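Encoded as structure tokens, the structure appears first; notes follow it.
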Amino acid sequence: MTIIIFLSIFPIFIWSLMSPLGSRFSDINTITTSLGQISGLVGMVLFSVNIILAGRFKFLDKYFKGLDKVYVNHSKIGSIAFSLMLFHPLFLVIKYLIVSTREAALFFVPFINMPISWGILSLLIMIILISLTFYIKIKYNVWKISHKFMTLAFLFAILHTMLISSDVSRNNILRYYILILALFALFVILRKFLMEKFSINRFKYNIKNVKQLNKDILEIEMEPFGQMMTYLSGQFAFFSFLSSGVSSESHPFSISSSDVDTNLKITVKNLGDYTGTLINLKQGDNVIVDGPYGNFSYKNVTNKNQIWIAGGIGITPFYSMAQVLNEEYYIDFYYCVKEEGEAVYVKELQDIALKNPNFKFNLWSTKDKGFINGEIMSTESGGLADKDIFFCGPPILMNSLKEQFISLGININKIHYENFNF
Amino acid sequence: MKKLSTVSLFIFGVVLISILTAGLVFYQNKQNSQSSVVSSANLIKNTITKINPSGGSLILSIEELSKHNNQNDCWLLINGKIYDITSFFGSHPGGDRAMALTCGTDATLAYDKKDPNATNTTKGRGHSSNAQNMLNDYYLGDLNQIIK
């Protein structure tokens, strides 16, 4: 995060050295022009940074403590960059507006001035794509394809930045700074494209078995075809199924098999659309796996006293971890479901609890016991203060739990969670 | 953060629609040319204030021209008119170098022949009318004009 802030502030610093600040903020004309330039510069930097964040780099997975957090930040930074780029022309148009509304209106009409037009086109594409992301619900695979057009918006934005006569074109440091960041971002796009296209750094698996665990939940077992992916229980990966009945774009799933198993398992809840089609997978179908990612593992913290909380399908990383758990760890596990019929792997988890006295398994049905909360867990588990807390589940449960634990005075460093929806 | 995007998008939409409506639909055409002149005059005034912050008058002489002789501060004399093309660097299709060579000098021949070392006998085609229009955006004043 510090690096990103530095990257954004650096061009403002260079820009401020180019001309005395007094003349940059002397009247309404210069102030708005300056704000317009700053918003454009920082917007462009953040746009590049955001593309790099989306590159699925392992180092980012480590740095942000989980790729899920990288994507959460990608969404935040994207919003900031988008807003800056929307305000960029609004600030700049003010000096025209002072003169005449017609001049101002012509400023927004494309194809009058080419460098400005590139900016207008770029912004237009961004408005459409951000609307598809935030406001219009479309299928994930359609959205995923649509979001690739951000590359086009980015290319137009680069053309705009490089061709327009401005401080960027007058100052070589700024020019190369923006250009290098942009080229790096383009390289990341190309790298991601090639890796996907040619399955570089990907693992090949075949479908071994598809098992219906209950009316909504499927367990998909895959066997390695060539090199096996090594992972830590609790991590996730991106799966792309090459099957006639399932679309081939990659989707992230937590791994539900344990890290000592040869075969890879994921456990998927039918949420309609894509997940609904997974029932069509046939034995022998090819799977391309990209991973592992994520930092969600009980082994990543030194404290051996832990509380685990799973909500609904958030069981998957915990089931993976429970299978390899040894008696050194003291775990109180709460598995929250709407009603008991919804729960999966109950028998298996009860067996683990029988064999391991330090693993306490509580199946918590909201229908019978009401919503679980921090205080209940604190009473049942004899206080939370000395424990690390892990949770994973639907966003509403996650946000509510996070707030509760913070208000109970638990240190944020002891709270670990996995964002399923990113 | 979705809120931030929503608010920005809303403000952007409202401002854009108002400006476009006011500027394109309700605007009287006759005022057009007048305001353009005002607009460029204003922009020029701003430039001059930057160059000459003391606020006194400035003569656009050959001597003054020759002070602005590099890529970071570049004036040109073309056909008796002085232009400050500093901010055009980076946008010249013929490259920056060709322009930089003529900073602070009479670039009439260079401009007409598209050759920075042009002499009267050099063969070469001049700039397009589109280029001339662009050049007008950088106009400061006529040679030896006094700017207050």
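Listing for the model above:
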quantity: Residues that are farther than 14 Å from A:PHE82 by Cα, buried (at least 17 other Cβ atoms within 10 Å of the Cβ) and of a type outside the set (S, T, N, Q), drawn from the range A:108-120; calculated: A:PHE108, A:PRO115, A:ILE116, A:TRP118
quantity: Residue among A:LYS369, A:LYS360, A:LYS338 that alone is basic (Lys, Arg), in the same structural domain as A:ILE412 (by TED's automatic domain parsing) and either under 31 Å from the mean Cα position of the chain (by Cα) or on the phi > 0 side of the Ramachandran plot (or both); calculated: A:LYS338
quantity: Matching strands (runs of 3 or more DSSP E) fully within the range B:70-148 where at least 2 residues are closer than 20 Å to A:SER165 by Cβ and free of Cβ contacts under 8 Å to residues at least 60 places away in the same chain; calculated: B:73-78, B:81-84
quantity: From the options A:ILE136, A:ILE178, residue that is more than 18 Å from the chain's Cα centre (by Cα) and in contact (Cβ under 8 Å) with a residue 12 or more places away in the chain; calculated: A:ILE178
quantity: Some residue of the range A:132-143 being in a helix (DSSP H, G or I), among the polar types (S, T, N, Q) and buried (at least 20 other Cβ atoms within 10 Å of the Cβ); calculated: no
quantity: Tally, over the range B:77-104, of residues that are more than 18 Å from A:ARG175 (Cα to Cα), surrounded by 17 or more Cβ atoms within 10 Å (Cβ to Cβ) and more than 11 Å from the chain's Cα centre (by Cα); calculated: 7
quantity: The range A:60-105, residues that are more than 30 Å from B:PHE26 (Cα to Cα), in contact with a helix residue (DSSP H, G or I) (Cβ under 7 Å, 6 or more places away or on another chain) and in a helix (DSSP H, G or I); calculated: A:LEU60, A:ASP61, A:LEU67, A:VAL70, A:ASN73, A:HIS74, A:ILE77, A:GLY78, A:SER79, A:ILE80, A:ALA81, A:PHE82
quantity: Qualifying residue in the range A:2-24 (condition: of a type in the set (A, V, I, L, M, F, W, C), closer than 21 Å to B:PHE10 by Cβ and either more than 13 Å from chain B (Cβ to nearest Cβ) or part of a helix (DSSP H, G or I) (or both)); calculated: no
quantity: Top-ranked residue of the range A:300-313 - restricted to ones that are surrounded by fewer than 24 Cβ atoms within 10 Å (Cβ to Cβ) and not hydrophobic (A, V, I, L, M, F, W, C), ranked as nearest to A:PHE333 (Cα to Cα); calculated: A:GLN306
quantity: Which listed residue, of A:ILE164, A:ILE189, A:ILE145, is in the same structural domain as A:SER122 (by TED's automatic domain parsing) and within 18 Å of B:SER87 (Cα to Cα); calculated: A:ILE164
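The values are calculated or read from the model by the stated rules, or taken from the named source; none is laboratory data. Just so it is clear, the model here is predicted, and its values are computed rather than measured. Backbone-built Cβ (ideal geometry, glycine too); neighbour counts: all protein chains shown.
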